[in-house]
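Asker: One structure is given below, represented as structure tokens, and several questions about it will come after.
The values are calculated or read from the model by the stated rules, or taken from the named source; none is laboratory data. Bear in mind the structure is a predicted one, so any value in this text is a computation, not a measurement. Virtual Cβ from ideal backbone geometry, glycine too; neighbours counted across all protein chains shown. Accessible surface is based on the protein model in full, side chains and every heavy atom, while ligands, DNA and RNA are left aside. Shrake-Rupley method; radii C 1.70, N 1.55, O 1.52, S 1.80 Å.
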Amino acid sequence: MFDPLALAIIFLTFLLAGLVKGVIGLGLPTVSLAVLAVLFDLPTAMALLIVPSLLTNIWQACIGDHSRALLLRLWPFLTLAAATVWFGGLGLGHFNLAALTALLGLLLIAYAAIGLGGVKLTVNRSAEKWAGPLLGTINGILTGLTGSFVVPGVMYLQSLGLPRDQLVQAMGMLFTVSTLALAATLSSNDLLSTDLAILSTGALIPAIFGMILGQALRKILSESQFRRVFLIALLLLGLYITVQTLL
């Protein structure tokens, strides 16, 4: 299915995505999805990220002493974020694939621009009752349509004012349930073949190696500067995806 050059590109993509996650604690699904969507097509990119995203984020979701408290607080958001992926996935068979790829580009642009602009959203505790289910639903539908987990899900979690260790664990929970739901959705739409599943499993190796390398680099790099470079690169990649697709 893939020639040696394509396999090498996939390997390097997950190595890079793992490195980013190792340094700043997120970015593996986002980086791998964005790069692979440019090189292949959106459903293939979505399928390839399944195993590396799932296993690395299960680890992230389980590390920490806040699992019970976070689940009690976030379960409406997480439940809707997972349950509505299937509805978004229906669009893969009905909407123009180029339009969905352009939507992915726009989501990357929005996420990067908000991060670079220093925009800080705040959701108070009383508003979580309606904001969590609403934004979880939107996030799930967009995940099913584009494979992206971050808009508006990550921004919602950041708006809650969680301490850093709790925020990282909460993002791991979101990415885990979203990846599981995406895998089920792709499988039900015959978009997750055995070959892609095997290749996705193999991609776990460079992803883990990249994470280890990124964790080592974290000790000598400024995390804030690296995050800024990451967001700028994501912005440019989102612009490229959108413009290329529309043209």
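Asker: Rounded to the nearest 20 debye, what is the charge dipole size of the stretch 153-247 about its Cα centre when +1 sits on each Lys and Arg Cβ and -1 on each Asp and Glu Cβ?
Answerer: Here the size comes out at about 440 debye.
Asker: Apply the a/c threshold of 1.5 to the C-alpha gyration tensor of the stretch 63-210 and tell me whether it is rounded, prolate or oblate.
Answerer: Prolate, since a/c reaches 1.5 and a/b exceeds b/c.
Asker: Can you give the relative contact order of the chain as a percent, counting alpha carbon pairs under 8 Å and 6+ residues apart?
Answerer: 40
Asker: For HIS66, HIS94, what's the largest-to-smallest order of accessible area, 1.4 Å probe?
Answerer: From most exposed to least exposed: HIS94, HIS66.
Asker: Let a ≥ b ≥ c be the square roots of the eigenvalues of the Cα gyration tensor of the stretch 61-120; is it rounded (a/c under 1.5), or, if not, prolate (a/b larger than b/c) or oblate?
Answerer: oblate
Asker: Based on the mean of other beta carbon atoms within 10 Å per residue, what is the order of 74-84, 208-218, 147-157, most packed first?
Answerer: Listed from highest to lowest mean packing, they are 147-157, 74-84, 208-218.
Asker: State the answer as a single residue: which of GLN244, GLY25, LEU160 lies farthest towards the positive end of the charge dipole of the chain, with beta carbon charges of +1 for Lys and Arg and -1 for Asp and Glu, about the Cα centre.
Answerer: The residue sitting most towards the positive pole is LEU160.
Asker: Evaluate the relative contact order of the stretch 121-247 (contact order divided by residue number), counting alpha-carbon pairs under 8 angstrom at least 6 apart; express in whole percent.
Answerer: Relative contact order here is 18 percent.
Asker: Any idea what the dipole of the chain comes to, in debye rounded to 20, about its Cα centre with Lys/Arg Cβ at +1 and Asp/Glu Cβ at -1?
Answerer: 820
Asker: Over the stretch 27-111, what percent of the accessible surface lies on carbon and sulfur atoms, probe 1.4 Å?
Answerer: C and S atoms contribute 73 percent here.
Asker: Using the Karplus equation 6.51 cos²θ - 1.76 cosθ + 1.60 (θ = phi - 60°), what ³J(HN,Hα) coupling, rounded to whole Hz, does each residue of the stretch 137-149 give in order, writing x for Gly and Pro?
Answerer: My calculation for the stretch 137-149 gives 4, 4, 4, x, 4, 5, 4, x, 7, 10, x, 8, 9 Hz in order.
Asker: For SER224, tell me the accessible area in Å² from a 1.4 Å probe, rounded to the nearest 10.
Answerer: 80
Asker: At a Förster radius of 35 Å, what calculated FRET efficiency corresponds to the Cβ-Cβ distance of GLN215 and ASN189, to the nearest 0.05?
Answerer: Once the sixth-power term is evaluated, E becomes 0.45.
Asker: Related question: Show that you can apply the helix-only estimate: for the chain, add -39,500 (n - 2.57) for every DSSP H stretch of four or more residues, divide by all residues, and state [θ] at 222 nm to the nearest 500.
Answerer: My calculation for the chain gives -26000 deg cm²/dmol from helical runs alone.
Asker: So, one more: Students often check this: by mean Cβ neighbours within 10 Å, which of 174-185, 101-112 ranks highest, and how do the rest follow?
Answerer: 174-185, 101-112
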